[in-house]
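See below for the structure under consideration.
The values are calculated or read from the model by the stated rules, or taken from the named source; none is laboratory data. Predicted, not measured: the structure shown is a model, and the values here were computed from it. Cβ atoms come from the backbone with ideal geometry, glycine included; neighbour counts cover every protein chain shown. Note: accessible area is taken over every heavy atom of the protein model, side chains too, but ligands, DNA and RNA are not part of it. Shrake-Rupley method; radii C 1.70, N 1.55, O 1.52, S 1.80 Å.
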Amino acid sequence: MDTPMPKTADTALPDPSRWKALAFIALAQLMVVLDATIVNIALPSAQTDLGISDGNKQWVITAYALAFGGLLLFGGRIADLWGRKRTFVVGLIGFALASALGGAAQNEAMMFGSRALQGVFGALLAPAALSLLAVMFTDAKERAKAFGIYGAIAGGGGAVGLILGGFLTEYLNWRWTFFVNIPFAVVAAAGAYFVIREPSGARNRAPLDIPGVVLSTLGLVALVYGFTRAESAGWSDTLTVSMFVAAAVLLLAFVVTEARVKSPLLPLRVLTERNRGGVYLSLGLAIIAMFGLFLFLTYYLQVVKGYSPVKTGFAFMPMIVGMITGSTQIGTRLMTRVPPRLLMGPGFLVAAVGMLLLTQLDLNTSYAAVILPGMLLLGLGMGTAFMPAMSLATHGIEPRDAGVASAMVNTSQQVGGAIGTALLNTIAASATTAYVADHAARATDPRLLELQAMVSGFAAAIWWAVGILVAAAVIAIALINTGRPGTGTGGTDSASDAGAEEEFRIPVVAH
């Protein structure tokens, strides 16, 4: 009787349940992305019910952002250490419990605590989800489809949150913007437990880098809080400046530490590979532009145009349609045919053209003539760019680094979101103040002047967003030099990419 040959990296069959697993991973990702915007629409109602002061209301957003942004690298490393499936399920269960606490909140302390807990478990869940895709889908064409779906959700989920948040707030109450997470989490956790089969040999069982955890967490928290505080207190505020100085010192100390310790939290090889570095940088810039726009358009449609929360949510539909089309139809179909930079660079430029249309906003701007095509182009460009960016960020990575590489994607998005909201808000506020100063003497209607100044501020900030998207396109084209998947061509790093790709193809065996 012949002894069967063991399966090698080259002969291992892909996991037959990987597409079912993708459905549950995508559901979990949708829940996390929804949560970033769904609470924004519910915030005024929650503030009134719970007696939260105007000075403290920002903590409903900030508590989540600090915990999520600060712990992402730690969450990615935990996924590599514990196993991605286990981390994924724990993150989902914890997120559901934290959401239940938020929905049942009776005072501001309960609300802030629940939001911080959501951030903690989100920091476990988000990198585990992306790294599961990275280690389960290794075939170039299948990887393109899987990341197309994931990219569409990552990009468009925030806009979906505005629609769902509007519905829940208008027809039920603000508490349901928290409770809605529970069925998402339960279904995703149950599906993941029974369906996901994590590849064997993909864990990184090296000892946890405690100094790296402390320095990265404190550094990222200081950075995110610095930008968040700058939005409300100004860039010259003493605490704002102190936070930026502390962040710079802590993150520099983190880099020095990671270069010296035996088992670093974030191996510098993850960052120094030019393609991944280009993805993290260009994606972070694109998110800066996009998050600021979400905020401005929401205010414009509700305050200037008088849209209801539900109507405002539906007004974002062209962006969602554009993102889904760009990610699943353009990005997925072309990813195996052209180098990633030829999708990311043009994608960001198309988004910049959409953003350019939105600089024309005034009090009487037509939704159909300006806003709709602007959002459609923005979504189309972002969707086309996001898909290869998500895939390339973990492409060719050693399996033991998949969690922390995935965490870096989320970190660039989270920090980009905090920077975008603070930076573009500050630019808008300055332009609004300048407009009032220039036109106050001739104004006959104070309310009209206020609205005109607000829209002028939005338009000025959107001009900056156009420039940021152009910069993202330039960085993507200049730094990302890998060829299309499977060719082993495309730049000076092609040989190392090919070697990494070979190492990436690991046996798929159920634990």
Quiz item: Restricting attention to region 283-327, and to residues there that are farther than 16 Å from GLY374 by Cβ and β-branched (Val, Ile, Thr), which single residue is modelled with the lowest pLDDT?
Solution: VAL310
Quiz item: Looking only at region 290-309, which residues are open to solvent by 40 Å² or more (accessible area, probe 1.4 Å) and under 22 Å from VAL353 (Cα atoms)?
Solution: PHE291, LEU295, TYR299
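Among GLY313, GLY331, GLY322, which is the only one that is under 21 Å from ALA393 (Cβ atoms), within 20 Å of the chain's Cα centre (by Cα) and not basic (Lys, Arg)?
Working: GLY313 fails: under 21 Å from ALA393 (Cβ atoms); GLY322 fails: under 21 Å from ALA393 (Cβ atoms).
Going through GLY313, GLY331, GLY322 in turn, just one is under 21 Å from ALA393 (Cβ atoms), within 20 Å of the chain's Cα centre (by Cα) and not basic (Lys, Arg): GLY331.
Among the candidates ILE93, ILE61, single out the residue that is open to solvent by 40 Å² or more (accessible area, probe 1.4 Å), assigned by the TED database to the domain that holds ASN181, closer than 14 Å to ILE182 by Cα and assigned to a helix (DSSP H, G or I).
Numbers: ILE61 fails: closer than 14 Å to ILE182 by Cα.
The match here is ILE93.
In region 261-282, what residues are assigned to a helix (DSSP H, G or I) and either at pLDDT below 80 or open to solvent by 10 Å² or more (accessible area, probe 1.4 Å) (or both)? Give the steps one after another, and end with the answer.
Of all residues in region 261-282, those assigned to a helix (DSSP H, G or I) come to 268-272, 274-282.
LEU268, ARG269, VAL270, LEU271, THR272, ARG274, ARG276, GLY277, TYR280, LEU281 - these are the residues of region 261-282 that are assigned to a helix (DSSP H, G or I) and either at pLDDT below 80 or open to solvent by 10 Å² or more (accessible area, probe 1.4 Å) (or both).
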Exercise. From THR257, THR328, THR312, grab the single residue that is open to solvent by 20 Å² or more (accessible area, probe 1.4 Å) and either assigned by the TED database to the domain that holds LEU377 or among the aromatic types (Phe, Trp, Tyr) (or both).
Key: THR328
Quiz item: Can you name the residue in region 428-465 that is among the β-branched types (Val, Ile, Thr) and open to solvent by less than 30 Å² (accessible area, probe 1.4 Å) and, of all such residues, is farthest from VAL33 (Cα to Cα)?
Solution: VAL455
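Test SER412 against the criterion of being open to solvent by 10 Å² or more (accessible area, probe 1.4 Å), in contact with a helix residue (DSSP H, G or I) (Cβ under 8 Å, 6 or more places away or on another chain) and either within 28 Å of ALA140 (Cβ to Cβ) or assigned by the TED database to the domain that holds ASN40 (or both), and give yes or no.
Numbers: open to solvent by 10 Å² or more (accessible area, probe 1.4 Å): yes; in contact with a helix residue (DSSP H, G or I) (Cβ under 8 Å, 6 or more places away or on another chain): yes; either within 28 Å of ALA140 (Cβ to Cβ) or assigned by the TED database to the domain that holds ASN40 (or both): yes.
Taking the combined requirement at face value, the residue satisfies it.
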Self-check item: Residues being modelled with pLDDT under 85, among the hydrophobic types (A, V, I, L, M, F, W, C) and open to solvent by 20 Å² or more (accessible area, probe 1.4 Å) - total across region 335-351
Solution: 0
Exercise. Being surrounded by fewer than 24 Cβ atoms within 10 Å (Cβ to Cβ) and either assigned by the TED database to the domain that holds TYR300 or assigned to a loop (DSSP other than H, G, I, E, B) (or both) narrows it down to one of SER45, SER53, so name that one.
Key: SER53
